[in-house]
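Some notes on the structure that comes next.
The values are calculated or read from the model by the stated rules, or taken from the named source; none is laboratory data. Not measured: the values here are computed from a predicted model. Cβ sites come from the backbone with ideal geometry, for glycine too, and all protein chains shown count toward neighbours.
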Amino acid sequence: MRILHVAKFYPPAFGGMETVVASMAEGVAALGHEVIVLVHADDGDTRPRHPAPGVTVLRAPYRLAVGSLALSPAYARLYREWRAWADVVHVHTPFPIADLLTALWPPKAPVVVTWHSDIVRQKLLKYAVAPFAHRLCRRAAAIHCSAEFIRRDSTFLPPYRDKICVIPFGRAVESFVAAAADEAAKATIRAAQGGRFALAVGRLVYYKGFDILLQAAATLPDLRLAIIGEGPMQAELEGMISALNLAGRVTLLGGVSADALAAHYAAADLFVLPSTHRSETFALVQVEAMAAGLPIINTRLPTGVPEVSPDGVTGLTVPPGDARALAAALQTLWNDADLRQRLGIAGRARALSVYSQSAAAERFVTLYESLRSPAVPSRPSDE
């Protein structure tokens with residue numbers, strides 16, 4: 001079977017949607033299928049990449065972006081060429097460019113839409129792209145949601161609920177499990193951080209709640225914190241670190257390699273996800289942290305976030321935007337090694353049994369096979 005993913009970016013580009021797309025593509029390819037992923041070249045390198053057997057990532061150049069939305073004639077050209085090749089076209093939204101392309105040049109193959117979230121903050125964009133998004137959803141053979149709350153609470157999806165399926169996102173967790181056993185690497189990272197530390201991972205954007213995390217950290221003089229990620233709030237967070245006298249205790253590490261990410265999970269004492277808005281729908285980073293054996297602090301968002309790491313089972317859950325409650329949870333885990341160990345053991349078991357990449361891939365293949373067209377088109381050149 002041949003699957004074409006239509007998405008924004010692909011790792012090593014940093015972000016939750018990028019990680020999800022890679023996990024879907026590589027998990028399905030590992031089951032013997034051929035996968036093409038169409039994305040933008042975030043680093044200017046437009047050569048096709050082959051990150052795993054059976055996966056080809058086609059990377060379109062772009063010179064203009066409106067916010068996080070890249071505009072690329074080459075992307076449109078590649079989409080037109082490859083849509084005829086696929087047995088299934090899998091579109092990741094919100095992504096207005098994909099909405100527009102599938103409206104202008106509809107694929108003959110069945111379309112699966114992964115609805116990552118409603119557009120929450122960009123009100124003008126939301127209404128401007130709604131007609132194209134509705135057209136995509138009307139055409140879709142299936143709409144995939146990662147958690148039941150998206151199907152239940154989305155204000156956009158009610159007309160299409162009869163075609164929605166819920167499949168939790170999966171993650172390849174082997175590297176995080178393995179890194180937890182590398183004592184030398186862990187010692188090196190802890191030394192670089194000045195000792196024990198808490199870890200947060202995510203794009204530096206408004207809904208991640210890193211500003212709330214810094215406010216909480218300012219009340220805990222013994223806490224050290226590392227934040228991995230890049231994004232438009234970096235300068236603002238750097239200013240907060242200075243203003244709150246957190247220099248030396250809080251480090252913004254920027255984007256890091258996959259190996260370095262796994263090593264930082266392994267070396268940390270706990271993981272914190274302080275997200276504040278419903279734009280945080282799932283937070284696959286929780287699965288990564290749990291696989292590394294870390295207890296989680298997350299927020300009680302009306303999304304899949306507290307479902308991934310349940311309160312009192314694999315971590316602690318606090319109200320979103322509440323710096324005082326977040327500080328109390330941080331202090332509890334920072335000072336209680338037995339609790340950290342108990343929650344971390346439960347988290348690793350949950351990551352392996354519920355959120356593995358292979359389990360998710362098998363469910364996606366079952367979905368694709370129920371929809372696929374019998375024709376097998378020829379493969380265009382990817383050069």
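The one condition from (1) modelled with pLDDT under 95; (2) in contact with a Gly (Cβ under 8 Å, 6 or more places away or on another chain); (3) closer than 26 Å to residue 153 by Cβ that residue 320 does not meet is (1). Taking residues in the stretch 243-266 that are of a type in the set (Ser, Thr, Tyr), and partners anywhere that are in a strand (DSSP E or B) and surrounded by 12 or more Cβ atoms within 10 Å (Cβ to Cβ), the pairs with Cβ atoms closer than 6 Å and at least 6 places apart or on different chains are 251/226.
Within the stretch 175-220, track down each residue that is of a type in the set (Phe, Trp, Tyr) and out of contact with any strand residue (DSSP E or B) (no Cβ under 9 Å at 6 or more places or on another chain).
Going through the stretch 175-220, the residues of a type in the set (Phe, Trp, Tyr) turn out to be 176, 197, 206-207, 210.
Across the stretch 175-220, the qualifying residues are 176, 206, 207.
Could you name every one of the strands (runs of 3 or more DSSP E) located completely within the stretch 20-94 that has at least 1 residues being closer than 26 Å to residue 366 by Cβ?
Working: elements: 34-40, 49-52, 55-60, 64-66, 69-71, 88-93.
Ranges flagged: 34-40, 49-52, 55-60, 88-93.
Which count do you get for residues in the stretch 157-172 that are aromatic (Phe, Trp, Tyr) and either out of contact with any strand residue (DSSP E or B) (no Cβ under 8 Å at 6 or more places or on another chain) or not assigned by TED's automatic domain parsing to the domain that holds residue 130 (or both)? Working first, answer last.
At the first step, the residues of the stretch 157-172 found to be aromatic (Phe, Trp, Tyr) are 160, 169.
Filter once more, keeping what is either out of contact with any strand residue (DSSP E or B) (no Cβ under 8 Å at 6 or more places or on another chain) or not assigned by TED's automatic domain parsing to the domain that holds residue 130 (or both): 169.
Residues meeting the conditions: 1.
Here residue 74 meets the list (1) more than 25 Å from residue 153 (Cα to Cα); (2) out of contact with any Leu (no Cβ under 6 Å at 6 or more places or on another chain); (3) among the hydrophobic types (A, V, I, L, M, F, W, C); (4) modelled with pLDDT of 95 or more almost entirely, failing just condition (4).
Whether a residue is under 22 Å from residue 240 (Cα atoms) and touching a residue at least 60 places away in the same chain (Cβ under 8 Å) was assessed, and residue 208 passes this test.
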